[in-house]
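Since the structure comes first, as structure tokens, the remarks are kept for the end.
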Amino acid sequence: LNDAPVRGYEEDVGSKTTLRLFYPESASYNPGIHNDPDTLMVLVPFKLQDLRWLKEILYDEKRVRKGFWKPPPLIWLGQASQIRVLDPYFLRLTASELLQIPLQPRRQQ
């Protein structure tokens, strides 16, 4: 989540596959600068707009920057084959079980 360096720190962090967790506001223009080519970029979607941002980037669609606390990059050089999306279920589970945040079920209309 913080773009901590891995190159040169293999003794400390290991040399297996590196997973970089990010959200649009934390994305750097070129994730390849500080990462090995095999680094997997994992989007942590906190809101629907985060998923829209990724879709717009991958499909070269018009970018909408509304709904972000900090403008995400309009151009992002991440490779599609190296991108994963964290299932939102795990965020919900973390909020309810680990952080004990009460979650209200959505009302059906």
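The values are calculated or read from the model by the stated rules, or taken from the named source; none is laboratory data. Only a predicted model underlies this, so the values are computations on that prediction, with no experimental measurement involved. Cβ coordinates were reconstructed from backbone atoms using ideal geometry, including for glycine residues, and neighbour counts include every protein chain displayed.
Applying the set (1) surrounded by 10 or more Cβ atoms within 10 Å (Cβ to Cβ); (2) of a type outside the set (Ser, Thr, Tyr); (3) over 30 Å from His34 (Cβ atoms) to Leu51 leaves exactly one unmet item: (3). Taking each residue of region 50-79 that is at pLDDT 95 or above and looking for partners that are hydroxyl-bearing (Ser, Thr, Tyr) and in a loop (DSSP other than H, G, I, E, B) with beta-carbon atoms closer than 8 Å, six or more apart or interchain, yields Asp50/Tyr23. Quick check, is Glu10 over 17 Å from the mean Cα position of the chain (by Cα), modelled with pLDDT of 85 or more and loosely packed, with under 13 Cβ neighbours inside 10 Å? For Glu10, the condition - over 17 Å from the mean Cα position of the chain (by Cα), modelled with pLDDT of 85 or more and loosely packed, with under 13 Cβ neighbours inside 10 Å - is not met.
Across region 15-42, the number of residues qualifying as outside any loop (DSSP other than H, G, I, E, B) and surrounded by fewer than 20 Cβ atoms within 10 Å (Cβ to Cβ) comes to 6. Condition check: without any contact (Cβ under 8 Å) to a residue 60 or more places away in the chain and either surrounded by 14 or more Cβ atoms within 10 Å (Cβ to Cβ) or of a type in the set (Lys, Arg) (or both). Does Pro102 satisfy that? Judged against the criteria, Pro102 is not a match. The condition of being closer than 21 Å to Phe90 by Cβ, out of contact with any strand residue (DSSP E or B) (no Cβ under 9 Å at 6 or more places or on another chain) and not acidic (Asp, Glu) holds for only one of Leu48, Leu19, Leu40, that being Leu48. Can you name the residue in region 79-103 that is part of a helix (DSSP H, G or I) and charged (D, E, K, R) and, of all such residues, is nearest to Thr39 (Cα to Cα)? Result: Arg92.
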